[in-house]
Amino acid sequence: MRKLIQQGEYLVGQCLVAMPLMSDPRFTKTVVYICTHTPAGAMGLVLNRAIEAVTFSELLEQLGIQATPLCRSVHVHSGGPVEAGRGFVLHSGDYVHNATIMVDQHVGLTATVDVLKAIAEGHGPRRSILALGYAGWGEGQLDNELRQNVWLTVPADEELLFGDDLEHKWDQAMMRLGIDVRMLSLEFGHA
């Protein structure tokens, strides 16, 4: 049985784009996909921070799953600072398992070993990222950060979610908002 998150849940399915003056170094120039957002809090995955120290194949081997050549293209991301040892696969909606939470009709989130096996065997989702850890906000915290202009929001699309160009993903998200980051002043002035 798949669970579908209700569409009226605030920023579910949107991306947060860190403002240029983000003071928290863990989120500097990040793009975060929001998986849940309710009055109780929010949870999302950072889309543009790779973990270079471990490969997908190495991770599979640690779990006793046979890595295949299909595994070479899967990148391991730092999904955020919360529970960094916990894995989440954000993926295209063509893969649905009984443990999959459908964020919307195009994007699913699965946090079981079954999706890793399916990817390794070639019958997993068409596009995916593996994230270790997540970004989390307590009750009202994200709403407060949005009021303080810590984040901008941009609609998610497949390329922003799953595209390989992590180095330029923040710039691409800003451009989707019509903002050329080269034109931003990072200094405060007085009128």
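Values quoted throughout were computed directly from the atomic coordinates according to the rules given, and no laboratory measurement underlies them. Keep in mind it's a predicted model, so treat the numbers as computed, not measured. Neighbour counts are summed over all protein chains in view; Cβ atoms, including those assigned to glycine, are modelled from backbone coordinates with ideal geometry.
So if we plug the beta-carbon distance of Y10 and V113 into 1/(1 + (r/R0)^6) with R0 = 35 Å, what FRET efficiency do we get, rounded to 0.05? Write down the numbers at each step before the final one.
Details: r = 30 Å, r/R0 = 0.86.
Calculated transfer efficiency: 0.70.
With labels modelled as points extended 7 Å from the Cα through the Cβ direction, what inter-label distance (nm, one decimal) is found for D24 paired with A53?
2.1
Considering only C-alpha atoms, what is the centroid distance from the range 47-85 to the range 125-169, in Å?
18
Hey, any idea what the orientation-averaged projected area of the convex hull of the range 32-176's Cα atoms comes to, in nm²?
8.8
Using Cβ contacts closer than 10 Å as the measure, can you line up L47, L11 from fewest to most?
Exposure proxy ranking, most exposed first: L11, L47.
With a point put 7 Å past each Cα toward its Cβ, work out how far A40 is from M175 in nm, to one decimal.
Label-label distance for A40 and M175, simple model: 4.0 nm.
Quick check for me: using +1 on Lys/Arg Cβ and -1 on Asp/Glu Cβ, what's the dipole size of the range 5-61 about its Cα centre, in debye to the nearest 20?
Charge dipole of the range 5-61: 240 debye, to the nearest 20.
Quick one: 3J(HN,Hα) in Hz for the range 29-45, Karplus 6.51/-1.76/1.60 with θ = phi - 60°, rounded, Gly and Pro as x.
Using θ = phi - 60°, the values come out as 6, 9, 10, 10, 8, 8, 8, 9, 7, 9, x, 7, x, 8, 9, x, 10 Hz.
Work out, step by step, the length gained on full extension between E61 and M102: first 0.36 nm times the residue separation, then minus their alpha carbon distance; give nm to one decimal.
Between E61 and M102, full extension yields 12.0 nm more.
Please list the non-local residues whose amide H lies under 5 Å from the amide H of V107, H modeled 1.01 Å from N, same-chain partners needing a gap of 5 or more.
G93
Per the helix-only calculation at 222 nm, which mean residue ellipticity applies to the chain, given -39500 (n - 2.57) for every DSSP H run of n ≥ 4 and division by its residues, nearest 500 deg cm²/dmol? If you can, show how the numbers build up before the last one.
Numbers: 5 runs with 36 residues, N = 191.
Helix-only estimate at 222 nm: -5000 deg cm²/dmol.
Along the charge dipole of the chain, which of L132, V154, M102 sits closest to the positive end, that is, farthest toward it, with unit charges on the beta carbon of Lys, Arg, Asp and Glu (+1, +1, -1, -1)?
M102
Determine, from the Cβ-Cβ distance of H168 and E121 and an R0 of 22 Å, the FRET efficiency 1/(1 + (r/R0)^6), rounded to the nearest 0.05.
Working from the Cβ atoms, E equals 0.10.
Placing +1 at every Lys and Arg Cβ and -1 at every Asp and Glu Cβ, with all other atoms neutral, what dipole size does the range 3-183 have around its Cα centre, in debye to the nearest 20? Can you show the working numbers first?
On the way: 13 positive and 21 negative charges, 14 e Å.
Once rounded to the nearest 20, the dipole reads 60 debye.
What order do you get for H123, H77 when you list them from fewest to most C-beta neighbours inside 10 Å? The partial results should precede the final answer.
Working: H123 10, H77 21.
Ascending Cβ contact count within 10 Å gives the list H123, H77.
Using θ = phi - 60° and the Karplus curve 6.51 cos²θ - 1.76 cosθ + 1.60, what whole-Hz ³J(HN,Hα) does each residue of the range 58-73 get, with Gly and Pro shown as x?
Whole-Hz 3J(HN,Hα) from phi for the range 58-73: 5, 4, 4, 4, 4, 8, x, 9, 5, 6, 10, x, 5, 6, 4, 8.
Within a 10 angstrom radius of the beta carbon, how do V115, V32, V154 rank from fewest other beta carbons to most?
Going from sparsest to densest Cβ surroundings: V154, V115, V32.
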